[in-house]
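The values are calculated or read from the model by the stated rules, or taken from the named source; none is laboratory data. Computed from a prediction, not measured in an experiment: that's the story for all the values here. Ideal geometry is used to build each Cβ from the backbone, glycine not excepted, and the neighbour counts take in all protein chains shown. Surface accessibility is based on the protein's heavy atoms, side chains included, excluding ligands, DNA and RNA. Shrake-Rupley method; radii C 1.70, N 1.55, O 1.52, S 1.80 Å.
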2 protein chains.
Amino acid sequence: MTLYFNLAELLGSRIEQGLYRPGQRLPSVRALSVEHGVSLSTVQQAYRLLEDNGLVSPRPKSGYFVAEDRQLPALPAISRPAQRPVDISQWEQVLELVRATPRPDVIQLGRGMPDVDSPTLKPLLRSLAQISRRMDMPGLYYDNIHGNALLREQIARLMLDSGCRLGPADLVVTTGCHEALSCTIRAVCEPGDIVAVDSPSFHGAMQTLKGLGMKALEIPTDPITGISLEALELALEQWPIKLIQITPSCNNPMGYIMPEARKKALLTLAQRYDVAILEDDVYGDLAYTYPRPRTIKSFDDDGRVLLCSSFSKTLAPGLRVGWVAPGRYLERVLHMKYISTGSTACQPQLAIADFIAQGHYQPHLRRMRSQYQRGRDQMCDWVTRHFPSGTRASRPQGGFMLWVELPESFDTLRLNRALLEQGVQIAVGSIFSASGKYRNCLRMNFAARPTAQIEGAVRSVGETALRLLDTEHAGE
Amino acid sequence: MTLYFNLAELLGSRIEQGLYRPGQRLPSVRALSVEHGVSLSTVQQAYRLLEDNGLVSPRPKSGYFVAEDRQLPALPAISRPAQRPVDISQWEQVLELVRATPRPDVIQLGRGMPDVDSPTLKPLLRSLAQISRRMDMPGLYYDNIHGNALLREQIARLMLDSGCRLGPADLVVTTGCHEALSCTIRAVCEPGDIVAVDSPSFHGAMQTLKGLGMKALEIPTDPITGISLEALELALEQWPIKLIQITPSCNNPMGYIMPEARKKALLTLAQRYDVAILEDDVYGDLAYTYPRPRTIKSFDDDGRVLLCSSFSKTLAPGLRVGWVAPGRYLERVLHMKYISTGSTACQPQLAIADFIAQGHYQPHLRRMRSQYQRGRDQMCDWVTRHFPSGTRASRPQGGFMLWVELPESFDTLRLNRALLEQGVQIAVGSIFSASGKYRNCLRMNFAARPTAQIEGAVRSVGETALRLLDTEHAGE
Ligand SMILES: Cc1ncc(COP(=O)(O)O)c(C=O)c1O
Ligand SMILES: Cc1ncc(COP(=O)(O)O)c(C=O)c1O
């Protein structure tokens, strides 16, 4: 990484951490040049980058200042889903989303795709190529059912950052987090069982419950602190819940990070009612703050937390490498893994193990974290500027998705249909609910580096929403 | 491939096809040299290779002769499993087999591993490497849920050889045949449903039924013609069977190819009782005869056959690329695929599509087919030579596994434990039964080119079996 980029990142994180306040004057170019031992032009480049990202603004003859606080859309209210277990619907809409083949004429804001264009991923591609040239052809053999041992060692090391002390033998490699989720659910539940979920919740997990014949009980969820423990306790009292399934760190779709104290309280609750917890941590490493938040799993002292994750969001989804730390359910999860795919493709596992072992993972994460954080700010600005007034939006603390709430009566399915003609697609809110709630909501991806084309697409979403709202009112 | 190898293959297949009879004199070295326009020493090398493979034998001063018919072990009798649906056991033994990490000091005759050392696989490794170097990095993106379109086109073309006329839209790519099996079973059945299976039957399929909560009804199966249609019909009359699950072409573990007329009759039966058929064709392309046998799917006119397959046995299992042609169950299978892994790793799919499109698949198959056929002959010879008299064995018509039956009272679990000390492992028969039958049977792999070390391993199996039998009798 270049010098100016490093410096910009450093200054950026000081601003984010509040070391410099909005409107406050920043150190002079000369002072920074001396402090960091870099040239004046390097500092100027760094400031220009921060300016491009809207973090600082220059004032003629006075130097650089921290940009004034941006105007943010209001937060959505805490969700209020139906308080009873339901069969899950919405498969058609999910299929429409996941079936969509990339089209050059459509800007897809709906999918959960990270940015895979970063130069920090190059060593991974190199490793993938090298493995194919190795004489012992390790990519061709059946992998061990637990997954490649080198990779599990590296994962165990990475998990230390979230407070987990596990060994390679505590992990099972899976074909993406999807397989981790379905193996976990089948390891813990029988068809007909009730699973409590945060709400809104990742559509893939919801469809897994559907496909395996479980019922979902959606729990009210706060856009800042996550699943309501009070509502969850009531539900635990009232229903024979088998499993609590949540994404507490950098939630999909809302982006919140559940505070550590609430994570602990959730675990205590699960222990009291003797239920298992499926903790989906697929975005956890993409928290904007460093060190990354702790997992519930890191507090787990009786093996009831099954942590599911993957490299799909941190590295690239096409690799299809995930894992589960199944606690006391290890044997059951192994059986489920065996019947689901036998083993996971070898070459991607080996390449990722290489990539981490050679020290490329953390620099890559650092870069993506700050890119995504800037992407979030940019996307929030765009929503403020281009969306109907009264639009609410989440405040993601990690990851690369924004959750947007339009007026109660609005239908984002209609919106998406109208948007297709304009070459833009979003994820409709209803797929994030077991019962088709959140029809007035949508999710947008801000992973890619901002361009005029993407801004144009977001503006289209806002303007089309406004138009539909107007015709709605005209029809009243 | 070298000249002498090509010539040996040609002569070998003429012998196999009966053009030259056992004991008959073969063309002279000089005649072949003229006929094929190769040097005398090339012909001599070819004959030496055939001699090594036991196909020809030299007689001093008279030239080469086709080897006399070998003495073959007797066939196992038709199987007689319990005639009622049972819950499936044996997970521990399967886990022991699939968990075993390759050890240099253990010769693993038990696993279903093809030979991946063939030079005809080189272009596949090249493609894998090239994809990682492509600037558009196709391997990093989420694949379409149906699987890569280029690959599905190639698979549809290959399937013409088995008589199937399908388009890419009729196929779903899976993470190995394992995923094809589990998606299929879950698409057709509910927990508690009864599935009729051939017996003995692939342990992975059996464990999938177990993991998904189905009951298996094992049907008597003939070692030459496959599942007994008479027994199956009785079962269909008596039980509410939902699905018939079989591997009719190059069966695992027995190697038979169900005759075409019986395949048709089976389909008619399924139509009459309105049940679905899961046809596992994972070894079908490895039939020793060319053209390869037709699939039941190729006769299917109402979409009730779900064909499951993969490239694990024909190319390499570490790639984890399989597929299902789910007929009328397409939508259900897609849902099950989505919840099971989301999508399949991209890079291996693209590499295989390349490999086939560039014309490398058929030459590779030709080579493996003849290698495996010679491997079978060699393995049968070894069993005749080194196993206790009275040992029975299957007559594989394709693939690379031999099924061996020892006296009724024999316990191959004990055998395997004794063998571990000698650095040899086999697959115990009981995992091929839902109810732990076939304890006196074992399966051995003959994929690798024969070496003295492998012969030593097979001899150890035979001699250890003999020793155990003797102590058994001594104890009577
Ligand atoms: C919360 C969450 N869990 C799991 C997944 C699935 O991840 P993978 O692509 O590794 O299967 C996603 C991806 O969309 C997700 O958002
Ligand atoms: C009959 C049969 N079906 C399916 C499989 C599994 O194939 P895959 O490795 O592609 O999952 C095997 C492999 O052992 C097999 O023998």
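For the range A:68-98, residues that are touching a Gly at 6+ places or on another chain (Cβ under 6 Å) and farther than 30 Å from residue A:206 by Cα total 1. Only a single item in (1) surrounded by fewer than 20 Cβ atoms within 10 Å (Cβ to Cβ); (2) within 16 Å of ligand 2 (Cβ to nearest atom) is not met by residue A:320, and it is number (1). Note on the range A:266-291: residues that are open to solvent by 20 Å² or more (accessible area, probe 1.4 Å) and within 21 Å of residue A:365 (Cα to Cα) amount to 5. If you filter the range B:303-313 down to residues that are without any contact (Cβ under 8 Å) to a residue 60 or more places away in the chain and more than 21 Å from residue B:233 (Cβ to Cβ), you find that the one that is nearest to the other protein chains (Cβ to nearest Cβ) is B:311.
Anything in the range A:428-439 that is open to solvent by less than 20 Å² (accessible area, probe 1.4 Å) and either of a type in the set (A, V, I, L, M) or assigned to a loop (DSSP other than H, G, I, E, B) (or both)? List them, or say none. Answer for the range A:428-439, where residues must be open to solvent by less than 20 Å² (accessible area, probe 1.4 Å) and either of a type in the set (A, V, I, L, M) or assigned to a loop (DSSP other than H, G, I, E, B) (or both): A:428, A:431, A:433, A:434, A:436.
With respect to the conditions (1) open to solvent by 20 Å² or more (accessible area, probe 1.4 Å); (2) within 26 Å of residue A:8 (Cα to Cα), residue A:377 falls short on a single one, namely (1).
Within the range A:101-113, the set of residues being in contact with a strand residue (DSSP E or B) (Cβ under 9 Å, 6 or more places away or on another chain) and either within 16 Å of ligand 2 (Cβ to nearest atom) or touching a residue at least 60 places away in the same chain (Cβ under 8 Å) (or both) comprises A:106, A:107, A:108, A:109, A:110, A:111, A:112, A:113.
Scanning the range A:27-60 for residues that are assigned to a helix (DSSP H, G or I), open to solvent by less than 30 Å² (accessible area, probe 1.4 Å) and closer than 19 Å to residue A:376 by Cβ yields a single hit, A:50. Scanning the range B:134-157 for residues that are surrounded by 19 or more Cβ atoms within 10 Å (Cβ to Cβ) and farther than 29 Å from residue A:121 by Cβ yields a count of 2. Screening residue B:24 with (1) polar (S, T, N, Q); (2) away from chain A (no Cβ under 14 Å); (3) farther than 21 Å from residue B:371 by Cβ; (4) surrounded by 14 or more Cβ atoms within 10 Å (Cβ to Cβ) gives one miss only, at (4). Regarding residue B:197, is this residue closer than 25 Å to residue B:361 by Cα and either surrounded by 24 or more Cβ atoms within 10 Å (Cβ to Cβ) or over 24 Å from the mean Cα position of the chain (by Cα) (or both)? Criteria not met by residue B:197.
Do you know which of the residues in the range A:114-133 that are small (Gly, Ala, Ser) and in contact (Cβ under 8 Å) with a residue 24 or more places away in the chain is surrounded by the fewest Cβ atoms within 10 Å (Cβ to Cβ)? If we take residues in the range A:114-133 being small (Gly, Ala, Ser) and in contact (Cβ under 8 Å) with a residue 24 or more places away in the chain, then A:118 is surrounded by the fewest Cβ atoms within 10 Å (Cβ to Cβ).
Yes or no: residue A:103 open to solvent by 80 Å² or more (accessible area, probe 1.4 Å) and modelled with pLDDT of 90 or more? When the stated conditions are applied, residue A:103 does not pass them. Only one entry in B:2, B:42 is touching a residue at least 24 places away in the same chain (Cβ under 8 Å) and of a type in the set (Val, Ile, Thr), namely B:42. Identify the residue in the range B:323-334 that is open to solvent by 10 Å² or more (accessible area, probe 1.4 Å) and not charged (D, E, K, R) and, among all such residues, is nearest to ligand 2 (Cβ to nearest atom). Residue satisfying both the conditions and the ranking: B:323. Number of residues in the range A:320-340 that are within 11 Å of chain B (Cβ to nearest Cβ) and either away from ligand 1 (no atom under 16 Å from the Cβ) or over 12 Å from residue A:183 (Cβ atoms) (or both) equals 8. Among the residues here, residue A:198 does not qualify as within 14 Å of another protein chain (Cβ to nearest Cβ) and either within 16 Å of ligand 2 (Cβ to nearest atom) or at pLDDT 95 or above (or both). Scanning the range B:387-407 for residues that are surrounded by fewer than 24 Cβ atoms within 10 Å (Cβ to Cβ) and of a type in the set (Phe, Trp, Tyr) yields a total of 1. Residues being over 14 Å from residue A:322 (Cα atoms) and within 16 Å of ligand 2 (Cβ to nearest atom): count how many of those fall in the range A:146-186. Summing the residues that are over 14 Å from residue A:322 (Cα atoms) and within 16 Å of ligand 2 (Cβ to nearest atom) in the range A:146-186 gives 0.
Close contacts from the range B:164-184, counting a first residue that is over 20 Å from residue A:174 (Cα atoms) and a second that is among the acidic types (Asp, Glu), with Cβ to Cβ under 7 Å and a gap of 6+ residues or different chains, come to B:168/B:153.
If you go through the range B:408-427 and keep only what is open to solvent by less than 10 Å² (accessible area, probe 1.4 Å), under 18 Å from residue B:467 (Cβ atoms) and not in a loop (DSSP other than H, G, I, E, B), you end up with B:412, B:415, B:419, B:424.
The rows are residues; the columns are (1) more than 16 Å from ligand 1 (Cβ to nearest atom); (2) farther than 19 Å from residue B:152 by Cβ; (3) in a strand (DSSP E or B); (4) within 14 Å of chain A (Cβ to nearest Cβ).
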{"residue": "B:270", "(1), (2), (3), (4)": "yes, yes, no, no"}
{"residue": "B:274", "(1), (2), (3), (4)": "yes, yes, no, no"}
{"residue": "B:279", "(1), (2), (3), (4)": "yes, no, yes, no"}
{"residue": "B:285", "(1), (2), (3), (4)": "yes, no, no, no"}
{"residue": "B:290", "(1), (2), (3), (4)": "yes, yes, no, no"}
{"residue": "B:298", "(1), (2), (3), (4)": "yes, no, no, no"}
{"residue": "B:301", "(1), (2), (3), (4)": "yes, yes, no, no"}
{"residue": "B:315", "(1), (2), (3), (4)": "yes, no, no, yes"}
{"residue": "B:318", "(1), (2), (3), (4)": "yes, yes, no, yes"}
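Kindly evaluate residue A:294 against the criterion of being within 24 Å of residue A:233 (Cβ to Cβ), away from ligand 1 (no atom under 16 Å from the Cβ), assigned to a loop (DSSP other than H, G, I, E, B) and away from chain B (no Cβ under 14 Å). It is true that residue A:294 is within 24 Å of residue A:233 (Cβ to Cβ), away from ligand 1 (no atom under 16 Å from the Cβ), assigned to a loop (DSSP other than H, G, I, E, B) and away from chain B (no Cβ under 14 Å).
Look at (1) in a loop (DSSP other than H, G, I, E, B); (2) at pLDDT 95 or above; (3) under 23 Å from residue B:227 (Cβ atoms) and you find that residue B:402 fails only one, number (1). Taking the criterion of being open to solvent by 20 Å² or more (accessible area, probe 1.4 Å) and outside any helix (DSSP H, G or I), the residues of the range B:446-460 that qualify are B:448, B:449, B:450, B:451.
The rows are residues; the columns are (1) within 14 Å of chain A (Cβ to nearest Cβ); (2) assigned to a helix (DSSP H, G or I); (3) open to solvent by 10 Å² or more (accessible area, probe 1.4 Å); (4) within 16 Å of ligand 1 (Cβ to nearest atom).
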residue: B:186; (1), (2), (3), (4): yes, yes, yes, no
residue: B:191; (1), (2), (3), (4): yes, no, yes, no
residue: B:206; (1), (2), (3), (4): yes, yes, no, no
residue: B:218; (1), (2), (3), (4): no, no, no, no
residue: B:244; (1), (2), (3), (4): no, no, no, no
residue: B:253; (1), (2), (3), (4): no, no, no, no
